[in-house]
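The values are calculated or read from the model by the stated rules, or taken from the named source; none is laboratory data. All of these numbers come straight from a predicted model, not from anything done at the bench. For neighbour counting, all protein chains shown are included, and Cβ atoms are generated from backbone atoms with ideal geometry for every residue, glycine included. Accessible surface areas use protein heavy atoms only, side chains included; no ligands, DNA or RNA. Shrake-Rupley method; radii C 1.70, N 1.55, O 1.52, S 1.80 Å.
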Amino acid sequence: MKVEERFIKYVSFDTTSDENSETYPSTHSQSVLLSLLAEELKSVGMSNAAFDGKYTTAYLPGKKGSPTVCFISHVDTSPDVSGKDIKATITDYKGGDIVLPYATISASELKDCVGTRVITSDGSTLLGADDKAGVAAIMTAMEKLVKTDPSSRCNIKVMFTPDEEIGNGVRDVDVRALGADFGYTIDGGPLGEIEYENFNAAGLEVTVFGRSIHPGSAKNIMKNAIDLLFEFHSLLPVEQRPVNTEGYEGFYMIKGVSGGVEKAEGSYIIRDHDMHKFNQKKEFVRSAIEFLNRKYGEGTFVAEIKDSYYNMSDIINKNFHLIESARLAFERVGVTPKSIPIRGGTDGAMLSYKGLPCPNLSTGGYNFHSRTEFVPIESMEKMSEVVIELVRIYANKNT
Ligand SMILES: [Zn+2]
């Protein structure tokens, strides 16, 4: 089966994940696709292919004594944009804008794709290249690899996961049971990306307890929780908002406000690549809260800070062969590799801290989480070749 045929089949499943769900995977349709992928891995000839109710995994033995490398992609799509009834369309792209029935992709976004066959939605939904392009590339590579001589490949694991888009992609992965030495997620953007630096991330919930009284007789008595929440917010540095930051610059972002005069709540996220600066940001919040509690009375402000994930670079730097091998694999298939810091997280970051060092590679897709998402077929083909090259490289590598 061709990579685009697989891809178009996978995106026909609406696998939108749901933050408000109590189940795992958060939506049933993800389990349906994960079961189908287990069947498909079995039918291409992988060993132990199974969906365990959470994850689909499979194994392919290679050269004795070689490391076991795990290739990982997620099956869910972002709840930000509809993933239902995706009408995947192939355009032989020669230049100019691609005008879809419900959206337009501009020539500037497509500038690297002239001469390729570009898959888009009809502009009313996302496409799901994030991350079904990764799934299709891995599956296509496996179909080819099972036919190769075991001594020419390393030991291979495949894992497909749910709920990456709602931060739960690898929540229950047991890295010991998985039995891989390290891995690669295939979940990045344009072809050639190798990502191994991501944010350190925390969530911050600020709760303000106010005092309500009739506004007519409120003088020196009312404590309006909303006003006080705004006062806290005004202490955060304006230049450290997402809209004003890029590259390695971290930020504070308010993402939700609720409440009234008696009680108000603000939800924030805190991000920084640098652990020292990340800790400073959290410390700044604590001292601002202390200051405000001295001003308005102990217990007026309560802040809860919870770390979400950490920058994987510390772990990847100790296993830098992962990056060197990925660069070599891209070069061998004629793609120039490039590394940029991720301004977000990846499942690989969490896996790295669970004991499976795991950088992130490109899928070849563009405009993720958007109605103008697209992926060139040739990029997915290249990614399946990159997987095959990595497997060859690790057949002969002592790590
Ligand atoms: Zn993704």
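A few points about this structure:
- Within the accessible area of the chain (1.4 Å probe), percent carbon and sulfur: 50
- Square roots of 5 times each gyration tensor eigenvalue, C-alpha, region 200-308, largest first, Å: 29, 13, 11
- Angle between the chain longest axis and helix 377-395 axis [Cα atoms, degrees, rounded to 10]: 80
- Cα gyration tensor category, rounded, prolate or oblate, for region 135-284 with a/c compared to 1.5: prolate
- Region 307-366 and region 1-41: distance between their alpha carbon centers, rounded to Å: 24
- Alpha-carbon spread of the chain, three principal axes, descending order, Å: 83, 50, 37
- Chain lengthening between Asn317 and Asn244 when straightened (0.36 nm per residue, less Cα-Cα): 23.4 nm
- Peptide packing for 108-115, 376-383 was compared via the average number of neighbouring C-beta atoms within 10 Å per residue; ordered from the highest value, the list is 376-383, 108-115.
- Residue-normalised accessible area of region 86-143, expressed per residue, 1.4 Å probe, Å²: 37
- Subset of Lys87/Lys144; Lys9/Lys54; Lys281/Lys306; Lys144/Lys382 violating a 24 Å alpha-carbon distance limit: Lys87/Lys144
- Expected 222 nm ellipticity per residue - DSSP helices of 4 or more, -39500 (n - 2.57), all of the chain, to 500: -9500 deg cm²/dmol
- Quick note on region 300-393: its Rg to Rh ratio, both from C-alpha atoms and Rh being the Kirkwood radius, is 1.08.
- Solvent-accessible area of Tyr24, all protein chains in place: 40 Å² (probe radius 1.4 Å, heavy atoms, ligands and nucleic acids excluded).
- Cα gyration tensor shape of region 267-343, rounded if a/c is under 1.5, else prolate or oblate by comparing a/b with b/c: prolate
- Taking Lys and Arg as +1 and Asp and Glu as -1, the other residues whose beta-carbon sits under 14 Å from that of Cys113 total -3.
- Once both labels are positioned 7 Å from their Cα atoms along Cα-to-Cβ, the gap between Asp97 and Arg286 label points is 5.2 nm.
- Highest-first packing order for the peptide set 229-239, 157-167 is 157-167, 229-239, based on the mean count of other beta carbon atoms within 10 Å.
- Nearest-10 value in Å² for the accessible area of Met275, using the 1.4 Å probe: 80
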